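The values are calculated or read from the model by the stated rules, or taken from the named source; none is laboratory data. Small disclaimer: the values here were computed from a predicted structure and weren't measured. Virtual Cβ from ideal backbone geometry, glycine too; neighbours counted across all protein chains shown.
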Amino acid sequence: MFSFINNLIPSKQQEMKEQKEAQEANQAVQEAKTDVDSVEQMEFELTLGINQTSGKLNELEQKRDLVFKNVSIAENQLKLLSTTQLTEQQKQETQRLIDQLENETKPAIATMDKEIDILTKKLLDLYNKRDYLTQRKVEAENNMDSAGKTFPIESNTQPMTEREESETIDTPLFPNEKNV
């Protein structure tokens, strides 16, 4: 009897150690699941930001292209006008248009270019952040998978030995019941 108890103590200690390791693995899996959920939420928000920034960037580029086209047309017309004989009033109007083009329109194009550059940098930054979060999510999922393979997740049952299985089958569920 004493040897049976002595043999049981190491196996109990081993069982407790395995249960502790399984609980730690379960806790790590739960933390990884929480990380994955929070990363997915951040990815979603970053994707929304990317879409909004892309939309603004596309709008700005379209406006810039339209302004560029109009400036090009205006410059060509001004060149044509410079080769023709103009009245004094037409010369003044032409000069006013040249001044407006040089002092207002071209600086506005430069400002648009700066805004496009800023939005492009923000867009690249958002893509980098999303890629980093995706990488973190994949690592967390891999950790979850490896923890699940190492230890049975949320399961405290061990496979029964043949002896235990036969005892379970032969043991009546209720003390007064007879095995049939």
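Applying a threshold of 8 Å to beta carbon distances and a minimum spacing of six or more residues, or different chains, the list of pairs starting in segment 33-48 at a residue that is in contact (Cβ under 8 Å) with a residue 40 or more places away in the chain and ending at one that is hydroxyl-bearing (Ser, Thr, Tyr) reads Val39/Thr134; Glu43/Thr134. A search for C-beta distances below 7 Å between a residue of segment 53-70 that is free of Cβ contacts under 8 Å to residues at least 40 places away in the same chain and over 10 Å from Ile116 (Cα atoms) and any residue that is part of a helix (DSSP H, G or I) and charged (D, E, K, R), counting only pairs 6+ apart in sequence or on different chains, returns nothing.
On the stretch given as segment 36-66, residues that are among the hydroxyl-bearing types (Ser, Thr, Tyr) and closer than 12 Å to Arg130 by Cα total 1. If you check Leu66, Leu60, Leu81, Leu86 for being hydrophobic (A, V, I, L, M, F, W, C), assigned to a helix (DSSP H, G or I), surrounded by 11 or more Cβ atoms within 10 Å (Cβ to Cβ) and out of contact with any Ser or Thr (no Cβ under 6 Å at 6 or more places or on another chain), only one passes: Leu60. Evaluate the following for Val29: is it within 30 Å of Asn142 (Cα to Cα), in contact with a helix residue (DSSP H, G or I) (Cβ under 7 Å, 6 or more places away or on another chain), in contact (Cβ under 8 Å) with a residue 40 or more places away in the chain and surrounded by 11 or more Cβ atoms within 10 Å (Cβ to Cβ)? Judged against the criteria, Val29 is a match. Of the residues making up segment 101-123, none is at pLDDT below 90, within 22 Å of the chain's Cα centre (by Cα) and surrounded by fewer than 13 Cβ atoms within 10 Å (Cβ to Cβ). Figure legend. Inter-residue proximity from segment 97-109: first residues touching a residue at least 40 places away in the same chain (Cβ under 8 Å), second residues part of a helix (DSSP H, G or I) and among the charged types (D, E, K, R), beta-carbon distance below 8 Å, spacing 6+ or different chains. Indicated pairs: Ile109/Arg64.
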